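The values are calculated or read from the model by the stated rules, or taken from the named source; none is laboratory data. Quick caveat, the model's predicted, so the values are computed rather than measured. Note: ideal-geometry Cβ built from the backbone for every residue, glycine included; neighbour counts use all protein chains shown. Calculation scope for accessible area: heavy atoms of the full protein, side chains included, ligands and nucleic acids excluded. Shrake-Rupley method; radii C 1.70, N 1.55, O 1.52, S 1.80 Å.
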Amino acid sequence: MKSGGNAFSGSLDVRWEPDAFQEGGDHFDPDLQKDSNLAIEATLGGPIVRDKLWFFAAFYRGEVESTPDGAPTTFKGTVDSPKAKLTWQIAPSWRGVASVFAQRTRFDDSGSSRSTMPEATWFTENEPRYLSANVDGLLTDSLLWTLRTGFNRRTFDAGPMSGDLETISHINIDTNITSANDWLQEHSVTDRFQAATDLTWFLDGAGGSHQLKFGVEASDISEEADLCYTGTPGGVECTEGLSGFIFYDIQVGDQSAPYGMEELISSGTMVADGQLWSAFLQDAWRPTPNVTVKAGLRFDSVTYRNDGTGASTDLEGWQPRLGIAWDLTGDARNVIRASVGRFMDQGTMNLALFAGIENVTNLWASCSTWAPGMGFDPSLCSVIAPSIGLPWREDPEGWDPNGWFGYDTYGGGANSYDTDLEAAYSDQLILSYERALWPRSSLELSYVNKRSRSLYEDTCAGNLPEPSQGAPCESFVLTNLPELEQNYDAFIVKLESRTLDWLTVLASYTLSDSKGNGSFLGLGYDFNFYPWHWENRYGYTDNHRRHALKLNGYALLPWDVTIAVNAGWTSGFRWTPHLDQNDIDEMPSGFYFTEPRGNREGPSDSWFDLQISKGFRIGSVDLDLIVSVLNVLSREEVTGVCAEVSGCGEIDGVPVELGDPRYWETPRAWEVGVRLTF
């Protein structure tokens, strides 16, 4: 946040894009689909005691409504965010800062789409709170000390939009339509306390100047979390030993029919904590006026522990780093930079919660659908299933009058950590050359190489030390699978120009490759069950774009008129054809990639946004009237395709096959705004 000063200053910025300002297109009808945005931000700062104590405060309010193509509901989001900051000049060489930040984000009718019925949308509510205090000062003319402390609490809630926790969700595997209810409920509270301090020592001598810095940091985190299915008897929230359900249906003519049922028996509230501490030592050395060498060493140690099971894991890593900047000609017109270093991933509290998951998942098959194919009358399922060693149960909601027989169970034991679990890390190399072209204009060429290793993922406990089909899966183990890696290479060209006082241009081109086994660290669907989750897992990641061209800039014209442009183009996104557990009966959950990850490329993406503003001076107040045109060319770019080999249902009665478009950008929209500053 900004800091207040001896003069009072403030601003009010309002941007509004109502439904009436949204144009229509082939995949968007503004008369049927709501789409609007409102953003309001106000700031105020000034002195409490001149030259001694200042304040700054801000408040943001955001509202958005969006109706995807063909969706029967409209997604709504609101954000309220107050902020405040006090700055205290304790003494000429000492300053203290205290700040507070809060936010409430509420999303209603999340999941809104043509394949989600109104009763199956959900809400999320996220409320972080932050409080921090910092002190810095000069102990001597060459010794700077800083101290930083902070506390934050985050609460998160999610569940069916209707508030109904009792009705069981239906997912039709033929039409891809979710109906009856949302299937998930989640609640969590996370607290974190942080403290850090560092000393910086400035030295000059015959061997050049040094800026030595040493610091330590510590954090203590605790979290309580509930995660379970809806469809609980009596609509009860997550409770230990309580079952929640999901129905999987098939389409028979114009009607849905029972096919499969998933039962999750909750392990109850998970309680976990984590402790993190770090120490670093670095030196910025200038042996000559045109050369700077930065060398450093960082050590991180993290412990995650689950209070319910007592399981814990320790992750630690040494991280050396070295960088150099060389002004070749001594006039700042030709600069070479190089840096290499290791960066440890500290992980998140998901690792602590992981070891507390003891959920049992039972998979059930519909007697009405499956019994005829097995050669017996569905009405006799309750007798025949147990006689052949299969459990049978009544339908929890009456969907299948003949009941369900069980065919698989996994989970039940407490998840654990591999005793040799190591921290994930990335080794990075960056080389760059920057050339001053003319006054206030430069061209920079860069190469980035990043290799992430020692990545971890959870897998069925029976897959260690070697994975096998049908391995026992009473619990999952978090381990460093040898197959896991992420690789990123990029060549980047950047042009920055402010040579003309009235024109600013920022342009870049990136040629890159992003490959790996996933876009996350641990707790995903990959590598759970062998062999399905091992095949075709390496390839292009979700964020891969081979080519990316971006152009941003603005021109200051006469009469206080400003025109700004945001434009760009990227090559196509990557996607992977896959099958899920409804297509492969032997695979309990997740996805089977039928081709290497990211093997197929979607359409390219381009954007062109324009903003025009006109300024006025009214007394001591500056007034700007703003008009923005979003998606000037009104191109409805494809943003997502059907990746399911078995198809993705229908759009307006037309089957959506593998590779067919499913999601598009909205057409041209107009936004108006006003900004007041004083």
**In nm, spacing of pseudo-spin labels at residue 445 and residue 491 (7 Å Cα→C-beta vector)** = 0.9
**Request:** Using a 1.4 Å probe and ignoring any ligands, DNA or RNA, find the accessible area of residue 213 and quote it in Å² to the nearest 10.
**Result:** 60
**Message:** Output wanted: per-residue J couplings in Hz (rounded whole) for the range 490-497, from phi through Karplus 6.51 cos²θ - 1.76 cosθ + 1.60, θ = phi - 60°, x for Gly and Pro.
**Reply:** 8, 10, 10, 10, 10, 10, 10, 9
**Message:** Could you report the range 549-595's accessible area per residue, 1.4 Å probe, as an integer in Å²?
**Reply:** 48
**Asked** So what J values fall out for the range 351-363 if you push phi through Karplus, 6.51 cos²θ - 1.76 cosθ + 1.60 with θ = phi - 60°, rounded to Hz, Gly and Pro as x?
**Response** 5, 5, 5, 3, 6, x, 7, 10, 4, 10, 10, 10, 10
**Fill in**
For the range 440-561 the translational diffusion coefficient, Stokes-Einstein from a Kirkwood Rh over Cα pairs at 4 °C and viscosity 1.567 mPa s, in µm²/s, is roughly 73
**Asked** Going down the list 294/550; 2/52; 85/294; 52/85; 76/550, which pairs span over 24 Å between their C-alpha atoms?
**Response** 294/550; 85/294; 76/550
**Prompt:** Just by accessible area at a 1.4 angstrom probe, what is the order of 578, 547 from largest to smallest?
**Reply:** 547, 578
**Message:** If amide hydrogens are placed 1.01 Å from N in the peptide plane, which non-local residues have theirs closer than 5 Å to the one on residue 177?
**Reply:** 172
**Spatial separation of Cα centroids for the range 344-418 and the range 173-193, in angstrom** = 19
**Asked** Which residue, chosen from 113, 135, 92, occupies the Cα position most advanced towards the positive end of the dipole of the range 90-150, where the dipole is computed from +1 (Lys, Arg) and -1 (Asp, Glu) charges on Cβ about the Cα centre?
**Response** 92
**Complete:** Magnitude of the Cβ-charge dipole (Lys and Arg +1, Asp and Glu -1) of the chain about the Cα centre, nearest 20 debye, reported as 4340
**Fill in**
Counting Lys and Arg as +1 and Asp and Glu as -1 over every other residue whose Cβ sits under 10 Å from the Cβ of residue 494, the net charge comes to -2
**Request:** Sort 73, 639 by accessible area with a 1.4 Å probe, largest first.
**Result:** 639, 73
**Prompt:** In bins 5 Å wide, starting from 0, what share of all Cα pairs of the range 337-433 does each bin hold, as a percent?
**Reply:** 2, 10, 14, 12, 8, 7, 7, 7, 7, 7, 5, 4, 4, 3, 1, 0
**Request:** Assuming a ≥ b ≥ c are the square roots of the Cα gyration tensor eigenvalues, decide whether the range 379-516 counts as rounded (a/c under 1.5), prolate (otherwise, with a/b larger than b/c) or oblate.
**Result:** prolate
**Prompt:** What is the Cα centroid distance between the range 649-678 and the range 41-75, reported in whole angstrom?
**Reply:** 25
**Message:** Please report the net charge: other residues with Cβ closer than 13 Å to the Cβ of residue 429, K and R +1, D and E -1.
**Reply:** +3
**Message:** Per residue, how large is the accessible surface of the range 285-440? Use a 1.4 angstrom probe and give square angstrom.
**Reply:** 51
**Message:** For the range 158-260, what does the convex hull of the Cα positions come to per residue, in cubic angstrom?
**Reply:** 202
**Prompt:** Accessible area of residue 476, 1.4 Å probe, to the nearest 10 Å²?
**Reply:** 30
**Message:** Leaving ligands and nucleic acids out of the surface, order 532, 370, 277 by accessible area at 1.4 Å, largest first.
**Reply:** 277, 370, 532
**Item:** Environment charge of residue 194, counting only residues whose C-beta is closer than 13 Å and scoring Lys/Arg +1, Asp/Glu -1
**Value:** 0
**Item:** Solvent-accessible area, 1.4 Å probe, carbon plus sulfur percent, for the chain
**Value:** 58
**Item:** Residue-by-residue Karplus 3J(HN,Hα) for the range 370-380, coefficients 6.51, -1.76, 1.60, Hz, glycine and proline x
**Value:** 8, 4, x, x, 8, x, 9, 5, x, 5, 9
**Item:** Simple label model, 7 Å out from Cα along Cβ direction - residue 617 to residue 193, nm
**Value:** 5.3
**Request:** For the range 1-123, report the accessible area per residue in Å² (1.4 Å probe, heavy atoms, rounded to an integer).
**Result:** 50
**Item:** Relative frequency of Cα-Cα separations exceeding 20 Å in the range 595-678, percent
**Value:** 58
**Request:** Report, for the range 209-328, the % of DSSP beta bridges that are antiparallel, rounded to 5.
**Result:** 100
**Message:** Using protein chains only and a probe of 1.4 angstrom, how many square angstrom of residue 575 are accessible, to the nearest 10?
**Reply:** 30
